[in-house]
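First the structure, in the form of structure tokens, and then the observations on it.
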Amino acid sequence: MLGRFTQGELPIAGRRREQLLFLMDNGIYVVTVFMFIVFVFLAPYFFTPRNLVNILISASLAGIVTAGYTVAILAGQIDTSTQGVLAVATVTTALLFEEAGFSLPLTVIFALLAGVAAGLFNGLIVVNGKIVAFVATLATQGVMLAIALFLSGGQTITIAREGLQEAVFIRVFGIPSSVWIMFFCYIVGYIMLTQTKLGAHIYATGADYRASLLSGVPVDRVIRIALVISALTAALTAILVTARAKQSAMFGLAIAGSVDFVTALTAVLLGGFSLFGGVGRIERNLVAVFFLTILGNGLQLMDVPTGIILIVRGFALVLAVILSVLRARMT
């Protein structure tokens, strides 16, 4: 087959493939900026200080979840338990702060520990049970939702006590603290994935599990850590969501808006990550999160029906999956 090509054809084909891969990986930057400009002219009140702050807050909540979810995807683990972790951590935050009277630091610590426990539970089922993460975490999500339902009694827990929202959403230089927390998560994630041995092991495990195992990489421990990080960022997001709404609802607040598994997966794939793990750069996911947040916000301001917005988000996920598969085949 190679004899059919002339001497210059293979390099040209290689360059075209590299150019297409570059466009697929970095096109999210151009599309996001273009869409922002479009909504500035088409969506009423889009380019106002109040709405821009709302975009930052919404993006920060989705972004924190996505930062941890990125680590799981890189390790080749599709974690579908995000909503369950959100539910447990949300109910834990509301119960401890409002009904048990815990201080804010203790409430935050125990809510984060609930996320760590959820991640360890996922790791136990995936690693020790030798079950595919997508199926295992789908099952553990049901368990977590049931636990949250039991703890809350199926009722919304309203937080009347002062201090949670005020402390969590302090503005630094006019920007809500949740945004700074999001940037901190991405900085830590970037350093961990690019500058540490753990990061190299995460990439290696996702790229080729068996080869990494034979090379001496502690793949089981890497998978456990990746799932714990994913659950921990979901718990952190739950604290912020609870503080913002000042209430906890099992099937409402914990899975409302842009904070869910589907948004995280869509952002990861649009950011250039492979659905099969081992490929991607975490900073692109941050741009993808802003893309999805701006898209939803702009359509809402244009009074587009909720059903249409959900359809658009669905198409975004389908497109992200297609791009991920094409990218995997080309590489």
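Descriptive notes on the structure:
- Projected over every direction and averaged, the convex hull enclosing the alpha-carbon atoms of the chain yields 19.9 nm².
- Remark: the residue 306-residue 99 segment gains 71.0 nm on full extension, using 0.36 nm per residue and subtracting the alpha carbon distance.
- Angle of helix 219-245 to the longest C-alpha principal axis of the chain, folded into 0 to 90 degrees and rounded to 10: 50°.
- Integer Hz, Karplus 6.51/-1.76/1.60 couplings in order for region 183-190, x for Gly and Pro: 4, 4, 4, 6, 5, 4, x, 5
- Taking all C-alpha pairs of region 170-230, those more than 16 Å from each other amount to 54 percent.
- A Förster radius of 22 Å combined with the Cβ-Cβ distance from residue 116 to residue 220 puts the calculated FRET efficiency at roughly 0.80.
- Computed FRET value (nearest 0.05) for residue 322 with residue 26, which takes r as the C-beta separation and R₀ as 22 Å: 0.80
- Entry note, the chain: the mean residue ellipticity at 222 nm calculated from DSSP H runs of n ≥ 4, each adding -39500 (n - 2.57), is -24000 deg cm²/dmol after division by the residues and rounding to the nearest 500.
- Distance in nm between pseudo-label sites at residue 17 and residue 195 (7 Å out along the Cβ direction from Cα): 3.4
- Placing a pseudo-label 7 Å from each Cα along the Cα-to-Cβ vector at residue 132 and residue 276 gives an inter-label distance of 1.3 nm.
- Taking other residues whose beta carbon is less than 12 angstrom from the beta carbon of residue 56, and scoring Lys, Arg as +1 and Asp, Glu as -1, yields +2.
- Using a probe of 1.4 angstrom and keeping all protein chains present, the accessible surface of region 19-126 works out to 40 square angstrom per residue.
- Relative to the longest principal axis of the Cα atoms of the chain, the long axis of helix 49-74 lies at roughly 60 degrees.
- Counting every pair of alpha carbons in region 87-160, the share spaced more than 20 Å apart comes to 37 percent.
- Against the chain, whose longest principal axis is taken from its Cα atoms, helix 82-94 shows a tilt of about 20°.
- Percent carbon-and-sulfur accessible area, the chain, ignoring ligands, DNA and RNA, probe 1.4 Å: 70
The values are calculated or read from the model by the stated rules, or taken from the named source; none is laboratory data. Because the structure is predicted, anything quoted here is derived from the model rather than measured. Ideal geometry is used to build each Cβ from the backbone, glycine not excepted, and the neighbour counts take in all protein chains shown. To get the accessible areas, we keep the full protein, side chains included, count just its heavy atoms, and leave off ligands, DNA and RNA. Shrake-Rupley method; radii C 1.70, N 1.55, O 1.52, S 1.80 Å.
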